[in-house]
Amino acid sequence: MSEHNHYYDPADLKKFGEVGKNAKELGEKFFSWYGSVFAEGALSEREKSLIALAVAHAVQCPYCIDAYSNDALEKGANLDQMTEAVHVAAAIKGGAALVHGVQMRNIVTKKTM
């Protein structure tokens, strides 16, 4: 049994570089692409980090939340910007859940006609 008392062990974040361990070529391709995605381009590295932080919350990845909280700070984002990014993610995720209510209404309408 692991010595940590929770499902996600923060120490595992440091093992991210090992994701290609048994598929070296695929791992190398992923990290090459990953690096390119986060490089300065039409969006700044700080903007990309804030997007990644928001997405991390939307997909509920604690490793990503840890990584991109730190990364956003390192890239010059402040707590207000980071909090706003998380609220944007929450609004989109909440809206997506609510708009699927149309599907529920369509089913109910068909069944009750």
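Bear in mind these aren't lab numbers, they're just calculated from the coordinates by the rules spelled out. Since the model is a prediction, treat every value here as computed from it, not as a measurement. Backbone-built Cβ (ideal geometry, glycine too); neighbour counts: all protein chains shown.
Just a few scattered comments:
- Student exercise, the chain dipole from Lys, Arg, Asp, Glu Cβ charges, in Debye to nearest 20: 780
- Share of Cα-Cα pairs in the chain lying beyond 24 Å, as whole percent: 46
- The GluC sites (Glu not before Pro) of region 26-101 that meet both conditions, a loop assignment by DSSP and at most 15 other Cβ atoms within 10 Å of the site Cβ, are 40.
- The chain, helix-only ellipticity at 222 nm - DSSP H runs n ≥ 4, -39,500 (n - 2.57), divided by all residues, nearest 500: -21500 deg cm²/dmol
- Length-normalised contact order of region 35-91 in % [C-alpha pairs under 8 Å, at least 6 apart]: 39
- If you count Lys pairs in the chain whose Cα atoms are under 24 Å apart, skipping same-chain pairs closer than 8 places in sequence, the total is 12.
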